[in-house]
Each structure stands twice: as C-alpha cells, then as structure tokens.
1. Taking the Cα of B:Asp377, stepping 7 Å toward and past its beta carbon, and measuring to each backbone N in the stretch B:10-51: which are under 15 Å?
2. At A:Leu45 and A:Leu316, where each label point lies 7 Å from the Cα along Cα→Cβ, what is the point-to-point distance in nanometres?
3. Average projected area of the Cα convex hull of the protein assembly as shown, in nm²?
4. Calculate the mean, over all residues of peptide A:76-85, of how many other protein chain Cβ atoms lie within 10 angstrom of the residue's Cβ.
5. Given the stretch B:187-300 reduced to its alpha-carbon atoms as identical point scatterers, what log10 I(q)/I(0) does the Debye formula return at q = 0.10, 0.14, 0.16, 0.20 Å⁻¹?
6. Sorted from shortest, what are the nm distances separating the label point of A:Gly219 from equivalent points in the other copies, each placed 7 Å from Cα along Cα to C-beta?
7. If you take every DSSP beta bridge whose two residues both sit in the stretch A:47-251, what share of them, in percent to the nearest 5, is antiparallel?
8. Could you work out the helix-only [θ] at 222 nm for the protein assembly as shown, with each DSSP H run of four or more residues adding -39,500 (n - 2.57) and the total divided by the number of residues, to the nearest 500 deg cm²/dmol?
2 protein chains.
Amino acid sequence: MDLLAPDVQTTVDSRLEDLATPCLLLDEARLRRNVTTMKQHLAALGVGFRPHLKTAKCLEVARIAMTQPSGPATVSTLREAEFFAAGGVRDMIYGVGIAPQKLDRVGAIRKRFAADLAVILDSVEQADAVADWVKTNGDALPVLIEVDADGHRSGVAPHDQATLVAIGRRLIAGGAQLRGVLLHAGASYGLSDPVAIAAAAEAERAAAVSAATLLRQAGLPCPVVSIGSTPTARFATHLAGVTELRAGVFMIGDLFQAGVGSCAIDDIALTVLSSVIGRQRAKGWIIVDAGWMALSRDRGTARQAVDQGYGLVCDLAGKSYPDLMLIDANQEHGIVAVRPGSDAALPELPIGARLRILPNHACATGAQHDRYHVLDDSGAVSAVWPRINGW
Amino acid sequence: MDLLAPDVQTTVDSRLEDLATPCLLLDEARLRRNVTTMKQHLAALGVGFRPHLKTAKCLEVARIAMTQPSGPATVSTLREAEFFAAGGVRDMIYGVGIAPQKLDRVGAIRKRFAADLAVILDSVEQADAVADWVKTNGDALPVLIEVDADGHRSGVAPHDQATLVAIGRRLIAGGAQLRGVLLHAGASYGLSDPVAIAAAAEAERAAAVSAATLLRQAGLPCPVVSIGSTPTARFATHLAGVTELRAGVFMIGDLFQAGVGSCAIDDIALTVLSSVIGRQRAKGWIIVDAGWMALSRDRGTARQAVDQGYGLVCDLAGKSYPDLMLIDANQEHGIVAVRPGSDAALPELPIGARLRILPNHACATGAQHDRYHVLDDSGAVSAVWPRINGW
C-alpha cells in the first residue's frame, strides 16, 4: 500500500494482533442481531423502516440495515446522500433542515442517480426558497415538514395548523411534492426509565399524528408520517398513524444507549482497538494509544447514572475487565484505571498488549475513523469496510 | 469534481457565500502572526523550535510554522509522520510512547524518506523492544526518554536516576541512539493565572534539566532537552538547559487557550463556517448546520471561568456578535442563542445566512474536517489546504 494512499486498504490482516492501532472493530454478529431485533419489533408494530445511516456511514452496514438495497434510508449530510446513492440507495430523506444554497446539490444527486432524495424544512421562508428552486429547475422536489416532537431542536409546533398549512400550500403551489411530516424525539436521550421513554414515544407519535391530521383537514396530502429515535423506537408499544421509523444508532449501540436502556452492553457492536504504550504503577494507570482522537471527545455518560469515562475496557475477545475504564484521555493517550471507588484489580499487562474499548457514543467515535475492521464469529477480521465522513 | 472523489477540491470558491457548509476557515494572517510571535519569543529565550503538527495536520501550515521546510517538527501519529515526510520534512519526533508493533513502520518511514524520525519511551521494557528491533534491522533508531513533568500522563519521574540510566544504558548497549529527554507540561492546561503558568514552565524546565543532568552524570549522552506545551511556552521567562520547545496549538489558537490566557480571542485563526437552517423564535434559538460533528464534542471551556458552550458566533467578517454562542449541539445541528444571563439581542438572520463559529479546541475541531479554506487579508478564500487525519 502506498504510504499516502487515502483509500482504504483492501487486503485484510485477519488477526487483531496484526492491526495498526488505534482502529475501529465492528462485531458483525452483534450488528446483525441488533438489526434483526429492530426489524422484528417494527414489523410487529406495523410501521415501515427507514434506518438512519448517520451512525454507520458505511454501505455494507447500510445494506444489512435497510429492507432493500435501494432503501429507504435517512442521511444526515449530502455527502452521505452522494455516497449511498452511488452505492445503489435510491430512496433517502436528508434529515437536516434545508438551506437554500444546498438545493442545487440535492437536485444534482436526484438527477445523476435518479434518486428519490427528499428534504425537510420547518418555515414558510424555506418553503418559498424550495418553491423558487422548483420553478427554476423543473424538478418536483419531495419535502417533509419537520414537526417539533418535544422542544428539543427544530420543527413546527404539532398543533400550529396555520404554519403547517401555510408551508404545505406554498410547497404545492410552487410545484414541490408535500410528502408528509417528520419528527425526532431527541429529548428521549435524556431519559433512562422505560416507562418514561414509552411515554416519550407516545408523545412523539401523538405529535406526528396531530400534525398529519391538521394537514389532511386542510385538504393537503400527508402520505408519510416519519418518526425516529433509538430510545423511542425501542420502547414504543403502539405506533398507530405512523408510517415509518428512522432509528440509527441502535444498529451499533454504545454505552450512552446502554445507560438510557436502549441496549445492553453486550449488544454494543463497536470497539476501539488499542495498544498498551506505558504504565504509571504508583498511580494505578495503564497508558494506551487510544485517546480522544480515536474515541471522540464525547462524554455523554457523564450526565447518566453511571459515568463510563471515555469508555469501558475489554480484552481482545471483547470481554470487559471488571470496572476497568478510560478515566481520562489526551489527544493520542488514554489513561486506563479501575473505576473510582472500585476494589477491582488492575490487570498486569505488558507493553504492546491489546485492549478493546467500548465507546460512549457510536456516532461520534465512528466519525474519527475512515474504516471498520469487521469481526466474524471467531473474532478474526473478515473484512475492511470503508466509512464516509465530512460534508 | 466527481461526487465521490475523496481528494480535496483544487478549484477555489473565493467567496464565503459560495462554500458548502459546514467547513473550516483558516485566517492566514492570524496564523502567520501567531507563528511569528512564538518564534520571536523562543529566539529571545535562546531555544530551538520543533513545532507540534498535531493541531494543524497540514503541510502548508507546517511550512509556515517550521524554521526550515525539512523541520524540525513533532508529530502525534505515524500517519502524520508519513504525510509530512512525503512533503519534505526530514527531522521529526513521534511524540507518543512507542509500542513495539509500530517499530517496523517507523523504520519504513526512516528508510523510504531518509528521515530522522525519533521515538520516545519511558520504560526498560520498551528500551528492550527497541534494542531487539535495532539488532534485527540494523537501523540505529534515535530515542528520547519521556520524563514526567507534572504527573499529568506518561514519563519517568525526573529524579528517578536508576530508571533513566537503566533505559539509557539498555538503548546504547542495543545500538540505538540516546537522543535525550522529552517532557510535556500537560497540567498547565488546567491553569489560567500567568504567574502559575510561569511557575509550571519553570517546573517543566527544572524537571527536564534534572533528568538530563542525571543521565550525563552517569556518562550517558543527552544532546536534546525537549519541552513543550502552548501555555508554558507562552509564559516561560527563561529556559536555561532546554534545547528545544514543541508547542503546537498556539499557531491556530482556540477558546480554551484564550481561557488559559495563552492567546486572545482575536488571535484565533480557525472558525467553522455554517448556515442558518431554522429558528425557534419563542425560545430565542437560531439553528445552524454546524453541530458537534463539525465542531467536535470538545467542551473544554466548561471547566474554565467562562463557559463558551460549543463556540462563539461571529459574522462573515469574523466579528463576534455580543454574547452569541452555540449553547448546544446535536450531530448536524447547532443551537445558537444569547449567553444565559446576558441581555444582548438575538440578531435577526434569514434562513441561509452565514455565521462563523470560534471553536473550543482547534485540535479536536480540525480533526472533524479534511481541508482548510484559507482566508486572505480581504476575507476571500485564497486557497484550499488539505489536512491529514487517522492513523
């Protein structure tokens, strides 16, 4: 391999001992199990599935998660849309409110790949911009109105009929397709009680149905009612009136989702492989070559009942050491120690020993890397799957 | 440009209004000013300069920061070493404790580019591994012993003559070059009082000189005495006995360093360009398309006297709006609002308006991107400079 080749290596070092560290490992069996569980759950609830690809950012993972190789899917950047369209995905929602300057790029993806790429918006001002773009370009862009499920971020209030209808009428008058409504119950990430999350899921569903009903009452179409977050997807007990769900992080899982209760620690499919590069015995520290650059700066578990530091430490087989975690991280250094207050023993590990670290946040940790080393059932590396980053 | 081309575009959109957002902007005049100030300061102190390239990870920036196109320089990953060696840098220290498995890659870089790439270590166990490697490969690898300046991370205690000498003797007996000692006063990042930082700089210097003296007293060579951190570099008043300094983040600056006092906010050369994609008027929120993916999850200023959220918000000319900051961030959404407690007005900005965000941590924010858009004195984009990420 050329030293400067930006592309991902195609030969596979099959042993974890041979990989350059730090790097990402992806447990394919766990990934497939997480996807199967979610698909069965959604089938039982009678809703469609439009997995969010923002966590995995990987075509091979997308093909496992999607119901068909052509989609449907959700993306968080137009670079993802381009990447997945080139890989055969034809049905996508770009799930971040559209800026007018991005419409030409959306149109180029739709045209080049004959892709059904839809955008979202939550203001008449954006609807005006879309209508102007449709008029100029002759492409009847599909649009979903973003509705605010829980005050977390963006979206029209679910009972604000005046705004919903004004946006819908403006889009249709301008020649765009009003595809439906879209919500994201982001506040559910702050919960950990299954009953409370189920209530958040019901609130998300009710808000979605409210907005859809208001549009239909005004004589406007609303074929799609799209909701999505991993916690609410996991704990929803009925989704009447919803047509599709867009969860994403569930397929990989992480310590934060385990803290919410959306997955078990044994469901987490992603670890960062690292090497021991030093020790400070008097302090009870092992230094590894995975710092925050390899794990991300995400400290989401600091706000949960159990703070997992920068991650939990496992052996090469993926088995956790009791109470061993990354208590701190510098750019390329991780400090491994026993959890404060625990009387667990610090393992005796030589320089060069390999450890696997379970991350706080799969979306953030994944984004620090350009590839996954995929583990098969034997724990060997069976493939290298590229990831896409950037915008 | 091909939609999937992983390489960086070579044509330049010269107007900020034409760039796809989010993206990185680098103010070249500020970068050059920061470098000039540091070089003058170090020249006055009589020490050499080996800039750390881990923040910029960019050849064009390296050439501005280094005293010569061939170096010296410091790198934090072997991928950086390969990238900068290919760009003509020949004198580098890989400033993270060496794992034995990485020695072959170090040797390959040294051989392919005829580069003087040195490694660091802090244990006899590592020295044994290096000695074995040198014996097998016949390459007299240069090695610095990492010394612990302040209990922050790695390193031999500065007064532990037995360990220092044992490492040094093992290296020399094995045919490696004992190049010297290396320290990093990482604890200085937790300070903000110039007097305290000057004291930390003096402690770092004294520890370095102590370790070097102990080696020399044992008849071992110690030509290089290398220290480095941006705060201690900034506030050191004398560096007798030190031969070189390795600061890195100073060249770009960030809100965290401004909180430490290592730079002024007007020295920060890096911003993230973003677009307004929504508003929640009742809450006083403007939503932009720069979330934590574009800014990183770094919230280092949360531990400082002034918490800057996920960053301070500026207009297109780089002028801060009074008390306007990113109060929260999702993956691709930033929530802009007036600082809690401030009575500053929220600016009235249309959808699609452009904002620039000053980051908490230049190393972390930079790593989320693969290129810099370089601004000239007129505020136009004069060039696109690629960055290297990964390992």
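Just so it is clear, none of the values below were taken in a lab; they were calculated from the coordinates. Only a predicted model underlies this, so the values are computations on that prediction, with no experimental measurement involved. Here the Cβ is made from the backbone with ideal geometry for all residues, glycine too, and neighbour counts use every protein chain on show.
1. Inside the label zone: B:28-33.
2. 4.1
3. Result: a mean projected hull area of 31.2 nm².
4. The mean count of partner-chain Cβ atoms within 10 Å per residue comes to 3.
5. -0.46, -0.71, -0.83, -1.05
6. Result for A:Gly219, in nm, nearest copy first: 10.1.
7. So the antiparallel bridges in the stretch A:47-251 amount to around 5 percent.
8. The per-residue figure over the protein assembly as shown is -9000 deg cm²/dmol.
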